[in-house]
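Reviewing the structure listed below.
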DNA sequence: GCCCATTTAAGTGTCGACAATATTGGCCTG
DNA sequence: CAGGCCAATATTGTCGACACTTAAATGGGC
């Protein structure tokens, strides 16, 4: 299901021997991101523990990780609450993305393998077809955009960058998209921008790649600003 | 009946380190950053727990936070190891810093208050004096540089940015500085670059501020590259 | 009826113990 | 003597229980 499933670094050998806390963390993260556990609500440790049939200790470890990813906030002796989404915070996230993904694009233009670039071209072409078929309403804004960005980030080969974006920021962003119902309405433009960016990467032009990625994200941010001000 | 639980918090002047896990986390983080717990070494939960007179549960929560800050790596059923510092990873950190702090400088040029800017000018002037007095060997490279960057980041007013830089990256960087003995030898140049950057902020020129910050960090990275290649 | 102190309940922080998994050392076999 | 299988040990994962803090409820005085 999830395209950027959380598979911490060692994504090879054993996929079953995951610890209980890990599974619990994944479950809770998905529940929070998709709004199943409402934003801003308090988290009762005994209740959640019973509900998932785990010990409070394990649950607390999972909550700790959620806190590290800024999905919940915890105050001593007061408990944890799911983070409350605000307009300002969303803008902040876009600013951080602009900086980090801009750098990712720069590095990707230098470090992506020829095969990775080819695969990305194929992926982009598929996106184009889907937009034509569905007039850009369904798939693209939902998962395709993240897909494309995800590959660019991976292509940077910078583990620090990859960790920050794929582990910390993307889940927060996904949470906003779910709960604010952010359908983009500009799939065609986004597709074009992806195309230009990919061309810069094909040309191995880091400067241009960073520039285009930053413009792309800025443009996306402005779109969000407009959309939220309409409500 | 009562077991001696309460320990009147002797060692540090922490104002509000309420929970035990918090104190333990601070202690361990410092120990790791300063190399007291060697880089790459395995962390034995029973031993550390006994050594610090805490339960294994509390220790595990602290380790979990250290893992979130990428100071330790943990593999299921195998335990945690202090992260091993590598040349490549340090370069990666500098690339991330270039992106994030560049954005921070851009935002700081827009969002810093006049008073914050004045204070920063005072701080920079002090740095200048210290460089003259000590020929730039002691204080500046050690804390002054981080001090300056810290204020710029705060001045961005972007909480996401502040969190990423001051919580996640800052300690990793400090760890490298400690263990690689990174004395800069270019305090004068760094001071000049700080000066130019601050001028851009005074002029409220975001574009220029970001450009100068990125050049400053790139220059710092190249210096590190030279230094490490000499060994 | 309202306010404040005190008691009561609920929730979080911390601990020690048990179960599952990995590592060490010894023993047997070739 | 080497190498691999197996028991014994140590370490990690998980659990339930107790201590302390905060929130809620109760009751008495005005």
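All of the numbers you see were taken from the coordinates with simple rules; none came from a lab. Model, not experiment: these values are computed from the prediction. Counting neighbours? That spans all protein chains shown, and the Cβs are built from the backbone with ideal geometry, glycine included.
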* Structure fact -> So, in nm and shortest first, the distances from residue B:132 to its counterparts in the other copies, with label points 7 Å along Cα→Cβ, work out as 7.1
* At 7 Å out from Cα toward Cβ: residue A:195 inter-copy label distances (nm, ascending) -> 5.1
* Among A:50, A:221, B:65, which comes first, second and so on when ranked by fewest other beta-carbon atoms within 10 Å? -> A:50, A:221, B:65
* Structure fact -> Proxy exposure order for A:33, B:72 (fewest C-beta within 10 Å first) is A:33, B:72
* Asked: Modelled label-to-label distance, residue B:147 and residue B:78, 7 Å Cα→beta-carbon offset: nm?
  -> 4.3 nm
* chain B: most fluctuating residue of B:209, B:105, B:31 per GNM, C-alpha cutoff 10 Å -> B:31
* Given the options A:210, A:114, A:98, state which has the largest fluctuation in a GNM of chain A using a 10 Å cut-off (strictly under) for Cα springs. => A:114
* To do: Given the options A:77, A:111, A:167, state which has the largest fluctuation in a GNM of chain A using a 10 Å cut-off (strictly under) for Cα springs.
  => A:77
* Asked: Which three lengths, in whole Å and largest first, does chain A cover when its Cα atoms are put on their principal axes?
  -> 55, 48, 32
* **Neighbour-count order for A:202, B:153, fewest beta carbons within 10 angstrom listed first** => A:202, B:153
* If the chain between residue A:91 and residue A:159 were fully stretched, how many nm would it gain, using 0.36 nm times the residue separation less the Cα-Cα distance? -> 22.0 nm
* Asked: Quick one: helix B:170-180 against the long Cα principal axis of chain B, what's the angle to the nearest 10°, folded into 0 to 90?
  -> 90 degrees
* Give the angle, between 0 and 90 degrees and rounded to the nearest 10, that separates the Cα long axis of helix A:145-155 from the longest principal axis of the Cα atoms of chain A. => 80 degrees
* To do: Using only Cα atoms, tell me the angle between helix B:114-134 and the longest principal axis of chain B; keep it within 0 to 90° and round to the nearest 10.
  => 90 degrees
* Asked: How far is residue B:115 from the same spot in each other copy, in nm, shortest first, if each label point sits 7 Å from Cα toward Cβ?
  -> 5.9
